[in-house]
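A.B. asks: Pasting a structure below so you can have a look.
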Amino acid sequence: MAGLDILFLGGTGIISTASVRLAVERGHRVTVLNRGRTSTRSVPDEVEHLVGDVADPASVDAAVAGREFDVVAQFRAFTTETVQADVDRFAGRVGQYVFISSASAYQKPPASIPVTESTPLKNPFWQYSRDKIACEDLLVREDREHDLPVTIVRPSHTYDDGLLPTMGGWTDIARMRAGRPVLVHGDGTTPWTLTHSDDFAVGFVGLLGRPEALGNAYTITGESAPTWNQVYTWLGRAAGVEPELVHLSSERIAKEVPDLGPGLVGDKAHAMLFDTTKLRRLVPEFTTTVPYAEGARRQIAWYDAHPEAQVVDEELDATFDRLIALA
């Protein structure tokens, strides 16, 4: 395939950075538009950088004025207002508009697993997920009624070396190394799919410029699905300790700490296993190269090499103490 002109709206985030790198490696001409703020995640020198904020449509209009792209990949849209602005902006000027939705939009709890693209989109627990569903609905209408060339992708929990998947992030690792217990939601036996951003990138970039992908939605998740007990244990062992795990129901955590609730009862409390056959038919090279047992080791190594990132949230740390006392 000849090199594509690709615009990433975002491009330096947890999911998108690896996709930008891979797109450049494959010979595509990549432009990244974001707010231009300092990020720990860098992009290749070959990338063109535009400054704009999707929350300020006029700034995006000015940055891309008069330009056309083979692909626009929207990583920063969380509301229909942002998506509608893209529709108005790029209609007739893009060969493929790729919207990054979320696997949290799938039915919770799922009526059956593995989850496929035909699983209903329905999450009564988390507004974030409902907003993603509304964005998808808007794009499906635009595709059906106005032939907007849309592809929807639904990643689940995608991580890189600098994003820990636990409730407390580095606060949990600091507790482990100090010999203090860590809190795990539920009984810790729920399997949870974790996909490294390097693996996600292979599936994502493989969809770009593919006419077969237009009008379709794809789940992009790997096959590594450890239990939460395994996640915490593997991180602890990578950090040089055998962690003490204390369990409390997701519902109780949500009641005591409302900020943690939607992401637990609306997503992580449920067994989420996915069938990616549809994606692999089109992108057969997509596979899991970083299972989470390896991902945990990479993450601890990254944090040990970046002491500035080893930030303990004192308020959350105290909250964990209070919740553990309830268990």
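The values are calculated or read from the model by the stated rules, or taken from the named source; none is laboratory data. Predicted, not measured: the structure shown is a model, and the values here were computed from it. Ideal geometry is used to build each Cβ from the backbone, glycine not excepted, and the neighbour counts take in all protein chains shown. Just the protein is used for accessible areas: all its heavy atoms, side chains included, with ligands, DNA and RNA removed. Shrake-Rupley method; radii C 1.70, N 1.55, O 1.52, S 1.80 Å.
A.B. asks: Counting only protein heavy atoms and a 1.4 Å probe, tell me what percentage of the chain's accessible area is made up of carbon and sulfur.
C.D. replies: 50 percent
A.B. asks: Taking the C-alpha atoms of the chain, how large are the radius of gyration and the largest Cα-Cα span, Dmax, in Å?
C.D. replies: Radius of gyration, then largest Cα-Cα span, for the chain: 20.1, 60 Å.
A.B. asks: Let me ask you something else. Roll a 1.4 Å probe over the protein chains and send me the accessible area per residue for the stretch 152-206 in Å².
C.D. replies: 21 Å²
A.B. asks: Hey, can you rank 127-137, 215-225, 49-59 by average C-beta count inside 10 Å, highest first?
C.D. replies: 215-225, 127-137, 49-59
A.B. asks: Under 1.5 on a/c is rounded, so check that first for the stretch 101-140, then, if it is not, pick prolate when a/b is larger than b/c and oblate when it is not; a ≥ b ≥ c are the square roots of the alpha carbon gyration tensor eigenvalues.
C.D. replies: In terms of gyration-tensor shape, oblate.
A.B. asks: Any idea what % of Cα-Cα pairs in the stretch 190-238 are farther than 16 Å?
C.D. replies: 53 percent
A.B. asks: Would you mind listing how long the stretch 219-288 runs along its three principal axes, going by Cα atoms, in whole Å with the largest first?
C.D. replies: 44, 32, 16
A.B. asks: To the nearest 10 Å², what's residue 157's accessible area with a 1.4 Å probe?
C.D. replies: 30 Å²
A.B. asks: Separate question: What does the highest-first list of 287-293, 227-233 look like by mean Cβ count within 10 Å?
C.D. replies: Packing order, densest peptide first, comes out as 227-233, 287-293.
A.B. asks: Moving on to the next point. For residue 268, give me every one of the lysines with a C-alpha distance below 16 angstrom, ignoring sequence neighbours fewer than eight places off in its own chain.
C.D. replies: Those lysines meeting the cut-off are 108, 122, 255.
A.B. asks: Can you give the charge dipole size of the chain about its Cα centre, rounded to the nearest 20 debye, using +1 on the beta carbon of Lys and Arg and -1 on the beta carbon of Asp and Glu?
C.D. replies: My answer is approximately 480 debye.
A.B. asks: Treating only the Cβ of Lys, Arg, Asp and Glu as charged (+1, +1, -1, -1), what charge dipole size does the stretch 35-188 show about its Cα centre? Round to the nearest 20 debye.
C.D. replies: My answer is approximately 820 debye.
A.B. asks: While we're on this one: Positive end of the dipole of the chain, charges at C-beta (+1 Lys, Arg; -1 Asp, Glu), about the Cα centre: which of 196, 96, 248 has its Cα farthest in that direction?
C.D. replies: So the residue we want is 248.
A.B. asks: So if each residue of separation counts as 0.36 nm, and I subtract the Cα-Cα distance between residue 163 and residue 116, what length gain in nm does that give?
C.D. replies: Length gained between residue 163 and residue 116: 14.3 nm.
A.B. asks: Still on this structure: List the pair-distance distribution P(r) of the stretch 196-327, using every Cα-Cα distance, as the percent of pairs falling in each 10 Å bin from 0 up to the bin containing the longest distance, rounded to whole percents.
C.D. replies: 10, 28, 34, 20, 8, 0
A.B. asks: For the stretch 279-327, what size does the Cα cloud have along each of its three principal axes, sorted from largest down, in whole Å?
C.D. replies: Reported extents, whole Å, longest axis first: 49, 30, 16.
A.B. asks: Then there's this: Given 4 °C and 1.567 mPa s, how large is the Stokes-Einstein diffusion coefficient of the stretch 1-101 in µm²/s, with Rh as the Kirkwood radius over Cα pairs?
C.D. replies: 96 µm²/s
A.B. asks: Let me ask you something else. Could you check what % of the DSSP bridge pairs in the chain are antiparallel, to the nearest 5?
C.D. replies: 5 percent
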